[in-house]
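Step one of this worksheet: look at the structure below.
Each value in this text was obtained by applying a stated rule to the coordinates, not by laboratory testing. Quick caveat: nothing in here was measured; it's all calculated off a predicted structure. Every residue, glycine as well, gets a Cβ built from its backbone with ideal geometry; the counts of neighbours run over all protein chains shown.
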Amino acid sequence: PLASSLPSHRDELCLLMCQRLMQLLYKNLNPLFSDVIILLLVKIFEFSAKVAKEVTTWIIYSDDDRKYNVLATWALFNSGLVYVLDYDAQMARQIEKSPEVSLKFAIELIRKCVFEEPAVAAPYDFVYSLESLKNVYAKSSIDEIKNLLDDLSTKTKSLSSKDSNNSRESVLFC
């Protein structure tokens, strides 16, 4: 029998492939290449739940600076391989722990996920990170944080006004 047919070997091979794919994903800046890598990861995750759990745990909880790649993280959110809410809590901890490393990444990631089409998250999906950013802003007034918070405030106001208009229209229609 093939070595890959044994469950333990299968998981080891899947983990090795995922490690290599993750390295490529985080080094890459090409959206098409990211999509191909994500598709391969999806298939590997379907094949081995154990590897899926291990890789997503690394993505979320690792303190590795290599993972501060906005395009890669956005692609992981967009594919559903990583949930924004799970990632948010850990990103908030990183912002509090070492803002000099994670601040720019967090701001760019939130902007990409919330403002670019297709939006993969809503502002409330980053509640912990936004709270951490507010705390950093209170200590040192960084313009990028203020600009992000202002833009998010404007977006949430426009979303809530659209919702209230839709509600009024549905009531009038009835």
Legend entry - Separation in nanometres of the label points that stand 7 Å from Cα toward Cβ, at residue 11 and residue 115: 4.3 nm
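Give me the extension gain from residue 86 to residue 101: residue separation times 0.36 nm, minus the current Cα-Cα distance, reported in nm with one decimal.
On the way: separation 15, 0.36 × 15 = 5.40 nm, distance 2.00 nm.
Between residue 86 and residue 101, full extension yields 3.4 nm more.
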Legend entry - Equivalent-ellipsoid semi-axes of the chain, from the Cα gyration tensor, Å, largest first: 35, 22, 13
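In Å, the Kirkwood hydrodynamic radius of segment 1-92 over pairs of distinct alpha carbons?
Values: mean 1/r = 0.0736 Å⁻¹.
Evaluated on segment 1-92, it is 13.6 Å.
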Legend entry - 26 Å Cα-Cα reach of residue 27 towards lysines, excluding residues that sit fewer than 8 places from it in its own chain: 43, 50, 53, 67, 97, 104, 112
Legend entry - Per-pair calculated FRET efficiency, R0 = 25 Å: residue 27 and residue 122 via Cβ, rounded to 0.05: 0.25
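Taking R0 as 35 Å, what's the FRET efficiency between residue 156 and residue 64 from their Cβ-Cβ distance, rounded to 0.05?
Values: r = 32 Å, r/R0 = 0.92.
With R0 = 35 Å, the Cβ-Cβ based efficiency is 0.60.
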